[in-house]
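First the structure, in the form of structure tokens, and then the observations on it.
The values are calculated or read from the model by the stated rules, or taken from the named source; none is laboratory data. Computed from a predicted structure; not experimentally measured. Virtual Cβ from ideal backbone geometry, glycine too; neighbours counted across all protein chains shown.
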């Protein structure tokens, strides 16, 4: 059975990893590099299955443990929020209803957990494996601590998942074998979304534009769109015509949406405004708004500046 059968459109990555296992030349560290949502994490899971079932007679048991996320030789690390002394993944934060003002990051405490995990020999496999999703979110102290682990990984393989090599320390990149992942063309995008039960997304060109060849981004954007009141979304996609309406709209956005939803709205408006206005300055202003939100500026003020700018632009057209 082909472990990589679920992976669609990433032929080069699959070939490189398959040959590494077949020739028993598995690197101590890999960097899965490419846009989010194109199959990096899925490919990592398939690679794990191939590694852990190699020369193992209890293949169904191994697969079951991987599916449940309780394989003793695997540590899967995700960015976290810190809340009342506890580290919470994105899904855990959502379950607890935690109001998220800043993006999650991979913290020094998590790198220490990796060091502790790798300090013991593998229990059921030939090697321990650590996967770091969104490795680009590592704090500087965490990245420096991970560097020490990569220098002496022992009987282990680490997989870092990041959008570009430039997004993490060059010293980390130099110690990893790069596995490239590419954005999918329209036909493959349609195949993936249809086979995964998300065919309805194909009817939303703005969402597909945001996705830019990434099925995962398309699904995430569509789900985010469902969480935003339709009347608010409609109001935002039509540039306000007066200063008063601009200020009122900024108030509504600030009141109705959390930081994550507001950042998504920036992406959505970039795709919505460009066909209407064809003004590069509008896209530039949206980017300034994104940076301001990421720097914890007061959201309502950010949106007031954005929508007031739109009023000035549209009156000049």
- Residue ID - nearest to residue 12 (Cα to Cα), chosen from residues in the range 128-177 that are surrounded by fewer than 14 Cβ atoms within 10 Å (Cβ to Cβ) and under 18 Å from the mean Cα position of the chain (by Cα): 164
- Query: Residues 15, 49: which one is in a helix (DSSP H, G or I) and farther than 21 Å from residue 66 by Cβ?
  - Reply: 15
- Report yes if some residue within the range 244-254 is within 17 Å of the chain's Cα centre (by Cα), outside the structural domain of residue 36 (by TED's automatic domain parsing) and more than 19 Å from residue 313 (Cα to Cα); otherwise report no. no
- Give the residues of the range 278-313 that are closer than 15 Å to residue 258 by Cα and modelled with pLDDT of 90 or more, sorted by residue number. 289, 290, 292, 293, 298, 299, 300, 301, 302, 303
- Message: Restricting to the range 58-72, name every residue that is modelled with pLDDT of 85 or more and in contact with a helix residue (DSSP H, G or I) (Cβ under 7 Å, 6 or more places away or on another chain).
- Response: 71
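Among the residues of the range 197-215, which ones are assigned to a loop (DSSP other than H, G, I, E, B) and in contact with a helix residue (DSSP H, G or I) (Cβ under 7 Å, 6 or more places away or on another chain)?
Start the filter on the range 197-215 by keeping residues that are assigned to a loop (DSSP other than H, G, I, E, B), which leaves 197-198, 204, 212-214.
Hits for the range 197-215 are 198, 204, 213.
Quick one: count up the residues across the range 178-190 that are assigned to a helix (DSSP H, G or I) and either within 21 Å of the chain's Cα centre (by Cα) or surrounded by 17 or more Cβ atoms within 10 Å (Cβ to Cβ) (or both). Spell out the reasoning first.
As a first pass, look at the range 178-190 and keep what is assigned to a helix (DSSP H, G or I): 186-190.
With the extra rule that they be either within 21 Å of the chain's Cα centre (by Cα) or surrounded by 17 or more Cβ atoms within 10 Å (Cβ to Cβ) (or both), the set shrinks to 186, 188-190.
Within the range 178-190, residues that are assigned to a helix (DSSP H, G or I) and either within 21 Å of the chain's Cα centre (by Cα) or surrounded by 17 or more Cβ atoms within 10 Å (Cβ to Cβ) (or both) number 4.
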- Message: Regarding the range 23-40, can at least one residue be identified that is more than 24 Å from the chain's Cα centre (by Cα), without any contact (Cβ under 8 Å) to a residue 60 or more places away in the chain, more than 16 Å from residue 158 (Cα to Cα) and not in a loop (DSSP other than H, G, I, E, B)?
- Response: no
- Query: Is the range 83-101 home to any residue that is buried (at least 19 other Cβ atoms within 10 Å of the Cβ), assigned by TED's automatic domain parsing to the domain that holds residue 139, in contact (Cβ under 8 Å) with a residue 12 or more places away in the chain and in contact with a helix residue (DSSP H, G or I) (Cβ under 6 Å, 6 or more places away or on another chain)?
  - Reply: no
- Can you tell me which residue in the range 41-64 is surrounded by the fewest Cβ atoms within 10 Å (Cβ to Cβ), limited to those that are within 23 Å of residue 172 (Cβ to Cβ) and without any contact (Cβ under 8 Å) to a residue 40 or more places away in the chain? 42
- Inside the range 262-282, the number of residues satisfying the requirement of being in a helix (DSSP H, G or I) and loosely packed, with under 15 Cβ neighbours inside 10 Å is 4
- Task: For the range 240-261, name all the residues that are under 27 Å from residue 220 (Cα atoms), in a helix (DSSP H, G or I) and in contact (Cβ under 8 Å) with a residue 40 or more places away in the chain.
- Result: 249, 250, 251, 253, 254, 259, 260
- Note on the structure: Expected single match for without any contact (Cβ under 8 Å) to a residue 24 or more places away in the chain and either surrounded by fewer than 16 Cβ atoms within 10 Å (Cβ to Cβ) or under 30 Å from residue 39 (Cβ atoms) (or both) among 230, 224 is 230
